[in-house]
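Engineer: Dropping a structure here in structure tokens format, bear with me for questions.
The values are calculated or read from the model by the stated rules, or taken from the named source; none is laboratory data. Small disclaimer: the values here were computed from a predicted structure and weren't measured. Here the Cβ positions follow ideal geometry from the backbone for every residue, glycine too, while neighbour counts run over all protein chains shown. Note: accessible area is taken over every heavy atom of the protein model, side chains too, but ligands, DNA and RNA are not part of it. Shrake-Rupley method; radii C 1.70, N 1.55, O 1.52, S 1.80 Å.
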Amino acid sequence: MSPRKIIIDTDPGIDDAMAIFYALESPELDVVGLTTVFGNHHVEVCTENALNLLDIAGRSDIPVAQGSGRPLAQTYPGPAGHVHGDDGAGNLFLAPSEHRPLATSAAQFIVDTVMAAPGEITLVPIGPLTNIALALLLEPRLAANLAGIVLMGGNAFCPGNMTPAAEANIANDPEAADIVFGADCPVVMAGLDVTEATIMSDDVLASMATIDNPRAQHLAKIVPFYQAFHRLVDREGGIFIHDSTTITYLIAPQLFTTIDCPVRVDCSQGLGRGKTYPAVRRSDRESAWSGRRPVTILTHVDAAAAVELELSRLRSV
């Protein structure tokens, strides 16, 4: 079977770096492009980080298209330096890449790539969903020509992590997220329900430094910053595996339990802004959820197997 073609929409970000390396070392996947978006840092910084990650992985042949620097309808709250470092990469402050992004915008790149290969491309957004929403608005036929969307974001049956109501990627652009969850194509939501159940321990993280390849060595340098943040706010040790969960689902969907139901995003200005609401009961689907295609929500995960699968790919020479 041919590898599944994917575009990763990303805001690198330490956990984005983990997901990108994971995808690049998974023979089941063919990464045909990276598109960048604001989120963990300003979009220009995220773009530079994406270029550097491809350089480290020896895959500078993969095109990078810079996308939106702000949400559709709210102010960008600014970089998450306390989570990912002032450079979005654990405060390594790498020299700029010799490679540059395409002149084409992320939304246009997505449209052009998908429409040139109808039914073949899966979008894998692991940041705010602004670029995906813009692409759907730019080309009304886009959804019908996608193989699907597998996104990291949201919280169906658990609290948020940016606010008590909302997960960070969705909270950064609720209006865009509501457009994407309403797309008429297969959409898979890898949210906090499973990502916060998938924990990479301190011992596992320490083992990265013993893996002799550039990807693992880079992660060994940047992950401690992310690890320190988790220790401060979430738990005594280890990290949650957020963005990489999309890659695990793409190559090993059998590790997850799912439920299918329509999803709406709270776009109000109240306390619930950014919350992802699944219509679990059939009667709910006759209201604001009416006419929406069901989203496949990941609800449970074999966490140990997911962590080991990601590590096995990181060990690849």
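Engineer: Within the range 168-198, count every residue that is closer than 17 Å to Asn40 by Cα, open to solvent by 10 Å² or more (accessible area, probe 1.4 Å) and of a type in the set (A, V, I, L, M).
Structural biologist: The qualifying residues number 2.
Engineer: Moving to a separate point now. Just the residues that are under 16 Å from Ala177 (Cα atoms) and of a type in the set (S, T, N, Q), please, taken from the range 100-149.
Structural biologist: Hits for the range 100-149 are Thr130, Asn131.
Engineer: What's the total number of residues in the range 118-146 that are within 20 Å of the chain's Cα centre (by Cα), open to solvent by 30 Å² or more (accessible area, probe 1.4 Å) and closer than 19 Å to Leu29 by Cβ?
Structural biologist: Residues that pass the stated criteria total 1.
Engineer: Only one residue in Leu314, Leu255 is open to solvent by less than 50 Å² (accessible area, probe 1.4 Å), more than 14 Å from Ala190 (Cα to Cα) and aliphatic (A, V, I, L, M), so which one is that?
Structural biologist: The unique qualifying residue is Leu314.
Engineer: OK, next. Against the conditions (1) touching a strand residue (DSSP E or B) at 6+ places or on another chain (Cβ under 9 Å); (2) open to solvent by less than 70 Å² (accessible area, probe 1.4 Å); (3) under 24 Å from Ala168 (Cβ atoms), where does Cys267 fall short? Just the number, please.
Structural biologist: So the condition that Cys267 fails would be (1).
Engineer: Just for strands (runs of 3 or more DSSP E) wholly inside the range 1-117: which have at least 1 residues that are open to solvent by less than 10 Å² (accessible area, probe 1.4 Å) and of a type in the set (D, E, K, R)?
Structural biologist: Correct list: 4-10.
Engineer: If you scan the range 270-282, which residues turn out to be open to solvent by less than 20 Å² (accessible area, probe 1.4 Å) and under 18 Å from the mean Cα position of the chain (by Cα)? Spell out how you get there, then give the answer.
Structural biologist: Narrowing the range 270-282 to residues open to solvent by less than 20 Å² (accessible area, probe 1.4 Å): 272, 274, 276, 279.
Result: Gly274, Thr276.
Engineer: Could you say which residue among Asp184, Asp243, Asp178, Asp193 is acidic (Asp, Glu), at pLDDT 95 or above and within 17 Å of Leu314 (Cα to Cα)?
Structural biologist: Asp243
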